[in-house]
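Encoded as structure tokens, the structure appears first; notes follow it.
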């Protein structure tokens, strides 16, 4: 899908939210080297993994947590996916709506007894 939009992405530089999934986007050399990340970075985008709850939880005014791809923990069960955010410049996420976090999973799973799957602040 992203490949079909390359010309529009080059021209208009919109903010893009897309899903990555281990079944169709190879993360074996790191999330930052996956085909979707390389495509978006090649177009000049900053790309982040979006942390999301695995269940319906009211997050209130909690900022959206973003992970730099090279600092995203992806060693979770196989066959899973999560959202990514691609922005034309990092300044798009340098505000109170977002929080950059490191070395955590994009999956927020409260029942897991592991800090990598918990929100940085709740």
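The values are calculated or read from the model by the stated rules, or taken from the named source; none is laboratory data. All figures in this text were calculated on a predicted structure; none of them were measured in a lab. Note that each Cβ is placed from the backbone with ideal geometry, even for glycine, and that neighbours are counted across all protein chains shown.
Tally time: how many residues in the stretch 3-21 are closer than 14 Å to residue 83 by Cβ and surrounded by 15 or more Cβ atoms within 10 Å (Cβ to Cβ)? Talk me through it step by step, then tell me what you get.
Filtering the stretch 3-21 for residues closer than 14 Å to residue 83 by Cβ gives 15-21.
The next check asks that each one be surrounded by 15 or more Cβ atoms within 10 Å (Cβ to Cβ); those that pass are 16, 18, 20.
Number satisfying all stated conditions: 3.
May I ask you to verify whether residue 5 is assigned to a helix (DSSP H, G or I) and either closer than 22 Å to residue 120 by Cα or modelled with pLDDT of 95 or more (or both)?
Taking the combined requirement at face value, the residue does not satisfy it.
A quick yes/no check of all residues on (1) under 20 Å from residue 16 (Cβ atoms); (2) modelled with pLDDT under 70; (3) part of a loop (DSSP other than H, G, I, E, B):
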| position | (1), (2), (3) |
| --- | --- |
| 76 | no, yes, yes |
| 82 | yes, no, no |
| 86 | yes, no, no |
| 96 | no, no, yes |
| 110 | no, yes, yes |
| 122 | no, yes, yes |
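Looking at the stretch 35-68, which of its residues are modelled with pLDDT of 95 or more, farther than 13 Å from residue 18 by Cβ and not in a loop (DSSP other than H, G, I, E, B)?
Scanning the stretch 35-68 gives 38, 41, 42, 46, 66, 67, 68.
Kindly check whether there is at least one residue in the stretch 6-16 that is touching a strand residue (DSSP E or B) at 6+ places or on another chain (Cβ under 6 Å) and within 21 Å of residue 119 (Cβ to Cβ).
So far as the stretch 6-16 goes, no, none of its residues is touching a strand residue (DSSP E or B) at 6+ places or on another chain (Cβ under 6 Å) and within 21 Å of residue 119 (Cβ to Cβ).
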